[in-house]
Amino acid sequence: MHADIDISALATRWPAAHDGCAGDILAQTPSSGGFRMLKLACRASGGIARADDLARLLCDRGDGGQGEPMLGELLARAEVFGFLWRGSVWLPMFQFDLRRLSVQRAAQQVRAELQGAVALDGWDCACWFARPHAGLDYRAPVDLLATDLPGVLEAARADRWILNG
C-alpha cells in the first residue's frame, strides 16, 4: 500500500531541508511512517540495510575483505552513517558502490559538507538525503548524487550555513 506513494508528489508539502525534518513524516526521531518513507526514498539507490546483514555481505564478498575495512571500522571512523530503529542499526545503501560494496565517496563528501561544525545524527543525515530540497528543484539529494554532485554539495553547503547561523 505505501509502495505506491510517489515521494516527489510530497515535495511541495515538505519545507526546506534545513528545518531538521520537523513537521513532516520524516520526523527527528525514527517512526514507522518515517522509516517507510526513508526506505521508499532510498529504494532506487539500493535501499537501506540492517547493519548485521551488510556486515555479512562485506565479509563474504569474495575478496576476503581486503582493501575495505569492516563495517564497524567504517562506522567508527564516520566514513558511513547509520541510525537505530527498533533495536537494529540501519544504513542507507547510497553510501556504498553496490557493485563493489565499497564506500561511495560522493556521499561522504556531501555529508562532510553538510555537517561542518554541526553534528547531525544518522537519522538527521538520512532525512536530509531523502527529503526533496528546494535548492535542487524539490528533488531529493539521494536521487542526484550520481548525476549532480556539485548541486548536492551546494545544497549541503547552504544548509550548513543556515544550521550554523
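Taken together, the values in this text are just the output of simple stated rules run on the coordinates, not laboratory data. Being a predicted model, the structure only gives us computed values, none of them experimental. Please note: Cβ atoms are built from the backbone with ideal geometry, for glycine as well, and neighbour counts cover all protein chains shown.
Here are the numbers for the structure shown:
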read-out	value
Long-range Cα-Cα pairs in segment 78-147 (distance over 20 Å), rounded percent	28 percent
Label-point gap, in nm, between residue 149 and residue 109 - each point 7 angstrom along Cα→Cβ	0.3 nm
Sequence-distant residues sharing a close amide H with residue 102 (under 5 Å, placed H)	97
Gain in span if fully extended, residue 53 to residue 121, counting 0.36 nm per residue against the direct Cα distance	22.3 nm
Using a Förster distance of 25 Å, the FRET efficiency for residue 43-residue 164 (Cβ separation, nearest 0.05)	0.20
